[in-house]
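We did not get these values from a lab; they are worked out from the coordinates using the rules stated. Note that the structure is predicted; figures quoted are calculated from it, not measured. Quick reminder, even Gly has a Cβ in these numbers, built from the backbone with ideal geometry, and neighbours come from all protein chains shown.
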Amino acid sequence: MTDMTSGPLHKPAGRRRGTEFWVYFTLIFFVALPSASFRWGRDVIRKRTLNLRGPMARAWAEADRLTPIIFSV
């Protein structure tokens, strides 16, 4: 028989992203959107392909990277 009492039955919950987090995330996302669009356009011209992450995905990644840094300080 398996001993189910030795460990947790569920995964521990990650940090919940509250309202303040989403406010900062949204602000950073909209500020990052123009530069992400410019960089995307530049990369499309240089590489001559549309097989790249788009400007929305780039801005989302930038906001997702920067927002936790703000809250870690």
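Subtracting the Cα-Cα distance of S37 and R65 from their residue separation scaled by 0.36 nm leaves 8.3 nm. Simple spin-label estimate for L50 and E20 gives 4.3 nm between the two label positions (7 Å along the Cα-to-Cβ direction from each Cα).
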